[in-house]
């Protein structure tokens, strides 16, 4: 007769039984560390959100300044001839503007063969500054444009 030898296989591991009275969970040190990491993460997220809101507000202010500049450019010289000199005004929302109108000085970047003396129009340069208050400090945006005028008759 043949005797069959038992195979030596490891038994599947079983979870250890907990001792009576032992409870699972986190230690106080682990909880404090988790709260510290959470507070640090929330602080960084708040700082990023605050910076983002400030940049958004600044972009909105500059957009409004550009709209005001467009309005000033559109109305300067309407109803009365545009003369060289200084112009000033204020909008109802607290934005102020000042414009300096000067003769155009030919410079680089003009088309080949362009002679301002022979032109059918006279060009003037308009330098426009829009100013407003941001958090109690002055803020400013600068715009410049050229305007074609009828040449002065001798």
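The values are calculated or read from the model by the stated rules, or taken from the named source; none is laboratory data. Remember, it's a predicted structure, so these values are computed and weren't measured experimentally. For neighbour counting, all protein chains shown are included, and Cβ atoms are generated from backbone atoms with ideal geometry for every residue, glycine included.
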Kindly establish whether residue 63 is closer than 20 Å to residue 150 by Cα and at pLDDT 85 or above. no
In the set 11, 44, 82, the lone residue that is part of a helix (DSSP H, G or I) and either surrounded by 10 or more Cβ atoms within 10 Å (Cβ to Cβ) or modelled with pLDDT under 70 (or both) is 44
